[in-house]
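Pasting a structure below so you can have a look.
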Amino acid sequence: MLTILFDGIAYGMLLFILACGLTITLGLMNVINLAHGAFAMAGGYITVVLMNSYGVSFYWCLPIAFLAVGLAGLVLERLLYRHLYSKPHLDQVLFSVGLVFMSVAGAYYFMGGQQQMIQLPQELSGRWDLYGVGIGRYRLFIVLVCVLLTIVLQLLLTKTRFGSQLRAAVDDGRVARGLGINVSAVFALTFAVGSGLAGLGGAMGTEILGLDPNFPLKFMIYFLIVVTVGGTSSITGPFLAALLLGIADVAGKYYVPQIGAFVIYGVMVVVLLLRPHGLFSREGGR
Amino acid sequence: MSGARSEARDRATEQLRRGNAWRLYEIALWIAAAAAIFVLPSKMLLLTEIAITALFAISLDLVLGYAGIVSLGHAAFFGLGAYAAGLFAKHVFAEPVTGLFAAAVVSGLAGFAASFLVLRGSDLTRLMTTLGIALMLAELANQLAWATGGADGLSGITIGPILGVFAFDLWGRTGYVYSLAALFILTFVARHLVNSSFGLSLRAIKANPVRAAMVAIPARNRIIVIYTVAAAYAGVAGALLTHTTSFVSPDVLAFHRSADVLLVLVIGGVGYLYGGIVGAVIFTVLRDWLSVSTPQYWMFWIGLILIAIVLIGRERIARWDSFLPASLQLGIKRLATWRPGATLRESR
């Protein structure tokens, strides 16, 4: 029972790492970026290639995946996404779905359609038995990284100069520009961080979620659910939502496997019925 | 005073009537579609696919183009109609036209129920709920293997002759005539719907919900109605697919179907019904031509087209003739929108 709870928490935390980048781009910048999963997949493939072909250590792969995908995000933002901020939501949806399709086809072309495997370091595999509660070491690692990440992000957004610049740029770009904030640069950097986080999540999720070219399509809905259920006005909302959904999903798949996949959609529909703007958002938020 | 008012009413009626009149390009399109039965006998299956895709896209246009509701899960109703028609033919009655009505009723009811979800929240919430409904249904189709055949699909459907008279032939000619007839009738109904005062009020809601509410347009009811109608349309499109292929699989509910129909509509142009038909022709022919290579790479090209459309700008594509000399543009426009019984100069 507690083992399932722990697995659920770890799964939720993983979902959060994957989705928090989306919280930033979607929630703060108001860009409906369905291609978030494609960035995550890129992180996963970078890890796979580095580990399996070049023998790079898993711990090094994580920051490399973060930086590489972040850089890719930066380039894409400057080239393409920049033009989307002022367009209607329909255009953003079309654009990002297009990007997803291209990335899926690209992954097939370069990596083939099979599931990719990675070998975790010795000290991360296996599980401890703590008073009858099975604690997977890798899952514990995920929880630790996630907690760290949440704290850093929260501080970054609320306490630093960059955070307040970003919030100002989001709330009213024109006034922010008038105050001497380089809105375009702030947005570019934020987008880069958001996609970098997706890359990191993808790198960490390879072991648990699996990795194949359909990754962006398969998990797109999960990331979006986390963000919509959590509300898009804070980091803590999606964090709690990810935990809730992770536990519900793992418990659902364990106890009622026949309807396992419905649990997460069911939770989403119920939450959106009760609170159309998400569980933890201010009234009238986006 | 009352004279001025009745004059305004007359003018409004006249405007509605004129909006409803047939244009030359519409007549030409339908003649071409009917002529294809004799001109392209070897392409019947492709043409059937076009007709079905067009109907599906028109259904999406009703909610997206006229009511402004962004949907990422329109395949939900398409798939529901497909399954309804398949199960109906298998267990109840093999005659297809009855099956179409059954599918329309099932999908329409589902659309009615779903419309209450769609009414709430912002664009993002709508995207999520529509997507969520479609995925839930896909999962349901997969799980209820005893009824739907699960991932293998529902096979062993025998479709009787249409109205008990016209049996489906081997070359798909009956299938095409059948689909085209359904498309024609439903487009005809949809034209009347969107050119009526009801359709105008939908456009008002889309353009400015606050102002629409100020002139006492009940936005809630209108959206529920149009969403239900659109769902029934999508259900008929799905049923047509079942009838012409005698097969249903969970693929009819897949995400790529929702994305494809969005693309079809956007290629053709949102908000004038015929966009769906034009888009369906372009999209299906393009896919037929490109899918010589594998499906995975076809996805790459879809993606590229989507991105190009967004970056170029949808409005700019709709004004494709803008690079022609002004006089030629005007000529094309007049000719295309000419109505029987009007002089060329008069038509808008």
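If you check every pair at least six apart or on different chains, which have Cβ atoms under 7 Å apart with a residue in segment A:111-131 that is of a type in the set (Lys, Arg) first and a residue that is open to solvent by less than 60 Å² (accessible area, probe 1.4 Å) second?
A:127/A:134; A:127/A:135; A:127/A:136
Ok, one more. What do you reckon, is residue A:105 facing chain B (nearest Cβ under 9 Å), open to solvent by less than 50 Å² (accessible area, probe 1.4 Å) and assigned to a helix (DSSP H, G or I)?
Values: facing chain B (nearest Cβ under 9 Å): yes; open to solvent by less than 50 Å² (accessible area, probe 1.4 Å): yes; assigned to a helix (DSSP H, G or I): yes.
Spelling it out, residue A:105 is indeed facing chain B (nearest Cβ under 9 Å), open to solvent by less than 50 Å² (accessible area, probe 1.4 Å) and assigned to a helix (DSSP H, G or I).
Search segment A:108-121 for residues being at the interface with chain B (Cβ under 9 Å from one of its Cβ atoms) and not in a loop (DSSP other than H, G, I, E, B), and hand back the single one that is farthest from residue A:210 (Cα to Cα).
Taking segment A:108-121 first, the residues at the interface with chain B (Cβ under 9 Å from one of its Cβ atoms) are A:108-109, A:113.
Restricting the remaining residues to those that are not in a loop (DSSP other than H, G, I, E, B) gives A:108-109.
Values: A:108: 15, A:109: 18 Å.
Once the filter is applied, the top-ranked residue is A:109.
Also, quick follow-up: Given A:169, A:192, which one is of a type in the set (Gly, Ala, Ser), modelled with pLDDT of 80 or more and in contact with an Asp or Glu (Cβ under 9 Å, 6 or more places away or on another chain)? Outline the logic, then answer.
Details: A:169 fails: in contact with an Asp or Glu (Cβ under 9 Å, 6 or more places away or on another chain).
Among A:169, A:192, only A:192 is of a type in the set (Gly, Ala, Ser), modelled with pLDDT of 80 or more and in contact with an Asp or Glu (Cβ under 9 Å, 6 or more places away or on another chain).
Please pick out the residue among A:21, A:73, A:43 that is assigned to a helix (DSSP H, G or I) and modelled with pLDDT under 85.
Just one listed residue meets the conditions, A:21.
Based on this model, can you work out whether residue B:162 counts as touching a Ser or Thr at 6+ places or on another chain (Cβ under 6 Å), more than 8 Å from chain A (Cβ to nearest Cβ), under 14 Å from residue B:239 (Cα atoms) and open to solvent by 10 Å² or more (accessible area, probe 1.4 Å)?
On the way: touching a Ser or Thr at 6+ places or on another chain (Cβ under 6 Å): no; more than 8 Å from chain A (Cβ to nearest Cβ): yes; under 14 Å from residue B:239 (Cα atoms): yes; open to solvent by 10 Å² or more (accessible area, probe 1.4 Å): yes.
Answer is no for this residue.
Which count do you get for residues in segment B:226-254 that are within 14 Å of chain A (Cβ to nearest Cβ) and open to solvent by 30 Å² or more (accessible area, probe 1.4 Å)?
Initially, segment B:226-254 is screened for residues within 14 Å of chain A (Cβ to nearest Cβ), giving B:250-251, B:253-254.
Right, trim to open to solvent by 30 Å² or more (accessible area, probe 1.4 Å) and you get B:251.
Number of matching residues: 1.
Hey, another quick one. Just a yes or no: is a residue in segment A:238-258 without any contact (Cβ under 8 Å) to a residue 60 or more places away in the chain and either crowded, with 24+ Cβ neighbours inside 10 Å or touching a Ser or Thr at 6+ places or on another chain (Cβ under 6 Å) (or both)?
yes
Right, another one. Looking only at segment B:142-151, decide whether some residue is part of a helix (DSSP H, G or I), crowded, with 20+ Cβ neighbours inside 10 Å, over 21 Å from the mean Cα position of the chain (by Cα) and at pLDDT below 80. Don't jump to the end; show me each part of the working.
Step one: list which residues in segment B:142-151 are part of a helix (DSSP H, G or I), which gives B:142-143, B:145-148, B:150-151.
Narrowing the set further to residues that are crowded, with 20+ Cβ neighbours inside 10 Å leaves B:148.
Next, only the ones that are over 21 Å from the mean Cα position of the chain (by Cα) stay: B:148.
Narrowing further to those that are at pLDDT below 80: B:148.
Yes, segment B:142-151 contains at least one residue that is part of a helix (DSSP H, G or I), crowded, with 20+ Cβ neighbours inside 10 Å, over 21 Å from the mean Cα position of the chain (by Cα) and at pLDDT below 80.
Looking only at segment B:168-196, how many residues end up being touching a Ser or Thr at 6+ places or on another chain (Cβ under 7 Å) and open to solvent by 30 Å² or more (accessible area, probe 1.4 Å)?
Qualifying residue count, segment B:168-196: 1.
Looking only at segment A:10-28, decide whether some residue is away from chain B (no Cβ under 11 Å), in contact with a strand residue (DSSP E or B) (Cβ under 9 Å, 6 or more places away or on another chain) and open to solvent by less than 10 Å² (accessible area, probe 1.4 Å).
Checking segment A:10-28: at least one residue is away from chain B (no Cβ under 11 Å), in contact with a strand residue (DSSP E or B) (Cβ under 9 Å, 6 or more places away or on another chain) and open to solvent by less than 10 Å² (accessible area, probe 1.4 Å).
Please enumerate the residues belonging to segment B:127-155 that are of a type in the set (D, E, K, R) and within 10 Å of chain A (Cβ to nearest Cβ).
Taking segment B:127-155 as the starting set, the residues that turn out to be of a type in the set (D, E, K, R) are B:139, B:152.
Residue satisfying the conditions is B:139 alone.
Can you pull out the residues in segment A:76-96 that are open to solvent by 10 Å² or more (accessible area, probe 1.4 Å) and facing chain B (nearest Cβ under 9 Å)? If you could, list the steps in order and put the result at the bottom.
In the first step, residues of segment A:76-96 are kept if they are open to solvent by 10 Å² or more (accessible area, probe 1.4 Å); the result is A:76, A:78-80, A:82-83, A:85-90.
Of everything in segment A:76-96, those that are open to solvent by 10 Å² or more (accessible area, probe 1.4 Å) and facing chain B (nearest Cβ under 9 Å) turn out to be A:80, A:83, A:87, A:88, A:89, A:90.
Taking segment A:197-225 as the search range and keeping residues that are in a helix (DSSP H, G or I), farther than 14 Å from residue A:33 by Cα and within 14 Å of chain B (Cβ to nearest Cβ), which one is most open to solvent (accessible area, probe 1.4 Å)?
Here the residue is A:218.
Quick check on segment B:210-224. Is at least one of its residues among the hydrophobic types (A, V, I, L, M, F, W, C), closer than 17 Å to residue B:59 by Cβ and open to solvent by less than 40 Å² (accessible area, probe 1.4 Å)?
Within segment B:210-224, the subset among the hydrophobic types (A, V, I, L, M, F, W, C) is B:210, B:212-217, B:219, B:223-224.
Now narrow it down to the ones that are closer than 17 Å to residue B:59 by Cβ: B:223-224.
Going one step further and asking which of them are open to solvent by less than 40 Å² (accessible area, probe 1.4 Å), we end up with B:223-224.
Yes.
Something else about it: Consider residue A:135 against the criteria (1) surrounded by fewer than 16 Cβ atoms within 10 Å (Cβ to Cβ); (2) under 28 Å from residue A:116 (Cα atoms): it satisfies all of them except one. Which criterion is unmet?
Unmet for residue A:135, out of (1) surrounded by fewer than 16 Cβ atoms within 10 Å (Cβ to Cβ); (2) under 28 Å from residue A:116 (Cα atoms): (1).
What are the residue pairs meeting all of these: first residue in segment B:245-257, first residue farther than 8 Å from residue B:79 by Cβ, second residue open to solvent by 30 Å² or more (accessible area, probe 1.4 Å), Cβ atoms under 7 Å, and 6 or more apart or on different chains?
Listed pairs, sorted by first residue: B:246/B:159; B:247/B:155; B:255/A:217.
Only one of A:259, A:247, A:264 is assigned to a helix (DSSP H, G or I), modelled with pLDDT under 75 and out of contact with any His (no Cβ under 8 Å at 6 or more places or on another chain). Can you tell me which? Full working, then the answer.
On the way: A:247 fails: modelled with pLDDT under 75; A:264 fails: modelled with pLDDT under 75.
The match here is A:259.
Give segment B:230-263 a look and list any residue that's in contact with a Ser or Thr (Cβ under 6 Å, 6 or more places away or on another chain) and farther than 14 Å from residue B:86 by Cβ, or say none.
Matches in segment B:230-263: B:230, B:231, B:232, B:233, B:234.
If you check B:75, B:85, B:34, B:104, which single one turns out to be in contact (Cβ under 8 Å) with a residue 24 or more places away in the chain and open to solvent by 30 Å² or more (accessible area, probe 1.4 Å)? Lay out the reasoning, then the answer.
Numbers: B:75 fails: open to solvent by 30 Å² or more (accessible area, probe 1.4 Å); B:85 fails: open to solvent by 30 Å² or more (accessible area, probe 1.4 Å); B:104 fails: open to solvent by 30 Å² or more (accessible area, probe 1.4 Å).
Criteria check complete, one pass: B:34.
Next question. Across segment B:255-280, what is the total count of residues that are of a type in the set (A, V, I, L, M), under 18 Å from residue B:49 (Cβ atoms) and either within 13 Å of another protein chain (Cβ to nearest Cβ) or buried (at least 21 other Cβ atoms within 10 Å of the Cβ) (or both)? Working first, answer last.
The initial filter retains those residues of segment B:255-280 that are of a type in the set (A, V, I, L, M), namely B:259, B:261-267, B:270, B:273, B:277-278, B:280.
Next cut, under 18 Å from residue B:49 (Cβ atoms) only: B:259, B:261-265, B:267, B:277-278, B:280.
Among the residues that remain, those that are also either within 13 Å of another protein chain (Cβ to nearest Cβ) or buried (at least 21 other Cβ atoms within 10 Å of the Cβ) (or both) are: B:259, B:261-265, B:267, B:277, B:280.
Within segment B:255-280, residues that are of a type in the set (A, V, I, L, M), under 18 Å from residue B:49 (Cβ atoms) and either within 13 Å of another protein chain (Cβ to nearest Cβ) or buried (at least 21 other Cβ atoms within 10 Å of the Cβ) (or both) number 9.
So which of A:59, A:45 is among the aromatic types (Phe, Trp, Tyr), surrounded by fewer than 18 Cβ atoms within 10 Å (Cβ to Cβ) and more than 14 Å from chain B (Cβ to nearest Cβ)? So that I can check it myself, show each step before the final result.
Values: A:45 fails: surrounded by fewer than 18 Cβ atoms within 10 Å (Cβ to Cβ).
So the residue among A:59, A:45 that is among the aromatic types (Phe, Trp, Tyr), surrounded by fewer than 18 Cβ atoms within 10 Å (Cβ to Cβ) and more than 14 Å from chain B (Cβ to nearest Cβ) is A:59.
Can you tell me how many residues in segment A:143-194 are open to solvent by 70 Å² or more (accessible area, probe 1.4 Å), touching a residue at least 12 places away in the same chain (Cβ under 8 Å) and not in a helix (DSSP H, G or I)?
Selection size over segment A:143-194: 0.
Which condition breaks for residue B:90 when tested against (1) within 14 Å of chain A (Cβ to nearest Cβ); (2) open to solvent by 40 Å² or more (accessible area, probe 1.4 Å)?
Here residue B:90 clears every test but (1).
The values are calculated or read from the model by the stated rules, or taken from the named source; none is laboratory data. Everything numeric in this text was worked out from a predicted model, so none of it was measured. Methodologically, a virtual Cβ is constructed for each residue, glycine included, from the backbone with ideal geometry; neighbour enumeration extends over all protein chains shown. Ligands, DNA and RNA are stripped out before the accessible areas are found, and what is left, the full protein with its side chains, is counted by its heavy atoms. Shrake-Rupley method; radii C 1.70, N 1.55, O 1.52, S 1.80 Å.
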